[in-house]
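K.L.:
Please find one structure pasted underneath; my questions will follow.
Every number here is computed from the coordinates shown, using simple stated rules; none is lab data. Quantities reported herein were computed from a predicted structural model and do not represent experimental measurements. Neighbour counts run over all protein chains shown; Cβ positions are idealised from the backbone, glycine included.
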Amino acid sequence: MTPSEYKALQTLATYAVRNALRHGTLTRLPCVVCGNPKSQAHHSDYTQPLLITWLCHIHHRMEHGRLGNTGKYKMRKHLARMSA
């Protein structure tokens, strides 16, 4: 998968969540770690856009850090490993 294909998949997943929230087919829940009501949708797999975990900003960043893809450089390394 090329970086542009990966980014397109991310964008489609984000739009799917936004649309589901707007249409009421998905409800925002508190952060599963700390209970903060200001949560964000975290996708473990962008091919399943509505299979998400609700995380607050801090825990969302921590999860991306744990996955090793917080920055563009790390994302490029991740994509290189996926396509190898």
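K.L.:
Between Ala20 and Arg61, what FRET efficiency follows from the Cβ-Cβ distance if R0 is 41 Å, with the result rounded to 0.05?
P.N.:
Details: r = 23 Å, r/R0 = 0.57.
Calculated value: 0.95.
K.L.:
Using just the Cα positions, wrap the range 3-73 in a convex hull and report its mean projected area in square nanometres, one decimal place. Mind showing how you got there, number by number?
P.N.:
Details: hull surface 19.5 nm².
Taking a quarter of the hull surface, the average projection is 4.9 nm².
K.L.:
Right, here's the next one. Note down the magnitude of the dipole of the range 3-73 about its Cα centre, charges +1 on Lys and Arg C-beta and -1 on Asp and Glu C-beta and zero elsewhere, to the nearest 20 debye. Display every interim value, and only then the final one.
P.N.:
Values: 8 positive and 3 negative charges, 50 e Å.
Here the size comes out at about 240 debye.
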